[in-house]
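Input: a single structure, listed below in structure tokens.
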Amino acid sequence: MKLSAVFSSSCYSSAIAKNALQPPSLITLSASTFLPPLSRKLSCRHGVSYNRLSFRGNSSFSSTAVSASKSDSQSQGSESFFRDTLRSMETVYLNRNPTAKSILKLVSSVDDEQICYDHLAFRTFGVNGYGINSLASLFLDYGYTPKEELRFPAKKLKALWFSPPNSSSQDGGSGVNGPLPRVFISELRVDQLSPRAQEIIRKYTKKSGSGNKYAALASALGSLTWEKPLYSEFQQLAGESEYAAWTLVNGYALNHVTISTHRLKSNLRNIKSLNEFIEKNGFKLNSDGGVLKVSPDGLLLQSSTVADSMPFSFSDGVDESVPCSYIEFAERLVLPQYKNLSESEIKESHRRDGFEVGNADKIFESTSKEQLTRRA
């Protein structure tokens with residue numbers, strides 16, 4: 001399938017674009033449209049409530065939660081419904097981020113067989129139930145497995161990534177229509193911020209009520225679950241944590257999608273060649289720590305564009321441009337123990353998995369003021 005299918009418009013896509021920056025009170029679709037029956041029944045069957053899942057030490061989720069997820073493998077919701085949800089998230093992302101849309105089309109013009117996503121990434125507030133757990137339930141319901149927790153002390157962040165289920169009925173497509181990607185969800189450790197920053201974040205999440213229960217719906221609609229903020233409060237957060245300011249105005253929207261470069265068929269499968277190709281076509285790449293981010297083992301190579309900006313109308317009548325999202329690229333090299341396999345024998349499981357704190361720390365900077373200034 002060619003990537004053009006990913007960009008096809010529909011009446012529903014138009015509705016998403018129209019409501020992308022509207023407060024949730026103007027959205028009329030019910031939560032049941034996006035939330036599968038499984039997520040509403042899981043706590044009754046297993047005595048586990050996803051909004052109470054917690055981190056333990058360096059592990060990801062509690063063992064009870066993981067076993068609950070695994071025991072539901074035979075009763076997962078419809079894959080087509082799950083992909084429809086991801087497709088709606090992707091539509092919002094592409095409508096707001098012309099750079100990502102243009103690069104996907106540009107890569108497709110050279111390598112039109114298939115473009116696969118390595119991972120999808122989201123940002124959250126680690127307070128009042130609005131953190132990682134609020135989005136994780138959707139992916140757990142559809143067979144994803146929580147893996148490694150990563151911590152970023154300087155940025156006051158932690159993250160958890162999830163591996164996709166092994167079986168899928170649509171591995172031949174592109175984007176969210178192709179092999180299901182990994183998922184990377186980060187959260188801001190709000191309790192480590194200044195009292196004033198904590199007050200601002202708690203104010204909006206509290207006003208949101210039970211909005212954290214509808215994280216997937218908010219992401220699919222491109223809607224905030226809280227009221228639009230004051231510009232002065234956005235500025236105050238930006239001065240302390242650019243991650244906090246970004247999340248305040250973008251909410252649960254996709255932070256970025258990542259092209260899996262080694263799955264491409266052309267010379268662009270080499271990430272260095274892809275980076276050169278993108279820059280020659282006039283796009284800015286995140287230069288923090290160097291354009292190419294390489295893991296200590298040399299097996300995970302990543303790069304990303306500088307984020308786009310979008311107009312935003314604050315609640316006090318100020319109209320201002322705010323950072324939006326970006327697109328990332330990742331090449332996962334073959335693990336040493338499989339180096340003797342032929343090209344035709346190599347599968348994704350033979351390549352370097354997971355994420356690297358050093359790489360991710362620099363990728364986060366794609367939405368920073370310093371990188372946005374370079375873009376301008």
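The values are calculated or read from the model by the stated rules, or taken from the named source; none is laboratory data. Computed from a predicted structure; not experimentally measured. Heads up, the Cβs are rebuilt from the backbone with ideal geometry, glycines too, and the neighbour counts pull from every protein chain shown. These area figures cover heavy atoms from the full protein model, side chains too; ligands, DNA and RNA do not enter into them. Shrake-Rupley method; radii C 1.70, N 1.55, O 1.52, S 1.80 Å.
For the stretch 248-294, the set of residues classified as within 19 Å of Phe364 (Cα to Cα) and among the charged types (D, E, K, R) consists of Lys284, Asp288, Lys293, listed by residue number.
Pairs are defined by a Cβ separation below 6 Å, a sequence spacing of at least 6 or placement on different chains, a first member in the stretch 115-134 that is open to solvent by 10 Å² or more (accessible area, probe 1.4 Å), and a second member that is in a loop (DSSP other than H, G, I, E, B) and not basic (Lys, Arg); the pairs so defined are Asn133/Leu53. For the stretch 103-158, the set of residues classified as assigned to a helix (DSSP H, G or I) and of a type in the set (A, V, I, L, M, F, W, C) consists of Ile103, Leu104, Leu106, Val107, Val110, Ile132, Leu135, Ala136, Leu138, Phe139, Leu140, Ala154, listed by residue number. Remark: Gln302 falls outside the filter, which requires a residue to be open to solvent by less than 20 Å² (accessible area, probe 1.4 Å) and modelled with pLDDT under 95. Please work out which one of (1) in contact with a Gly (Cβ under 9 Å, 6 or more places away or on another chain); (2) not in a strand (DSSP E or B) is the condition Val257 fails and give its number. Answer for Val257: the failing condition is (2).
Arg151 satisfies every condition listed in (1) over 15 Å from the mean Cα position of the chain (by Cα); (2) modelled with pLDDT of 95 or more; (3) crowded, with 18+ Cβ neighbours inside 10 Å except (3). For the subset of the stretch 259-284 comprising residues that are surrounded by 23 or more Cβ atoms within 10 Å (Cβ to Cβ) and of a type in the set (S, T, N, Q), which member is farthest from Asn212 (Cα to Cα)? The selected residue is Thr261. Among the residues in the stretch 171-182, are any in contact with a helix residue (DSSP H, G or I) (Cβ under 7 Å, 6 or more places away or on another chain), charged (D, E, K, R) and buried (at least 17 other Cβ atoms within 10 Å of the Cβ)? Within the stretch 171-182, none of the residues are in contact with a helix residue (DSSP H, G or I) (Cβ under 7 Å, 6 or more places away or on another chain), charged (D, E, K, R) and buried (at least 17 other Cβ atoms within 10 Å of the Cβ).
Restricting the first member to the stretch 142-162 and to residues that are on the phi < 0 side of the Ramachandran plot, and the second to residues that are among the β-branched types (Val, Ile, Thr) and in a strand (DSSP E or B), the beta-carbon pairs closer than 7 Å and six or more apart or on different chains are Tyr144/Val183; Ala159/Ile185; Leu160/Ile185; Trp161/Val183; Phe162/Thr145; Phe162/Val183.
For the stretch 221-242, the condition of being of a type in the set (Ser, Thr, Tyr), within 26 Å of Gly358 (Cβ to Cβ) and assigned to a loop (DSSP other than H, G, I, E, B) holds for at least one residue. A Cβ distance below 6 Å, combined with a sequence gap of six or more or placement on separate chains, defines the contacts here; from the stretch 193-217, residues that are open to solvent by less than 50 Å² (accessible area, probe 1.4 Å) reach residues that are of a type in the set (S, T, N, Q) and assigned to a helix (DSSP H, G or I) in the pairs Asn212/Ser134; Ala215/Ser134. When only residues in the stretch 87-114 that are among the charged types (D, E, K, R) and within 14 Å of Phe277 (Cα to Cα) count, which is surrounded by the fewest Cβ atoms within 10 Å (Cβ to Cβ)? The selected residue is Lys105.
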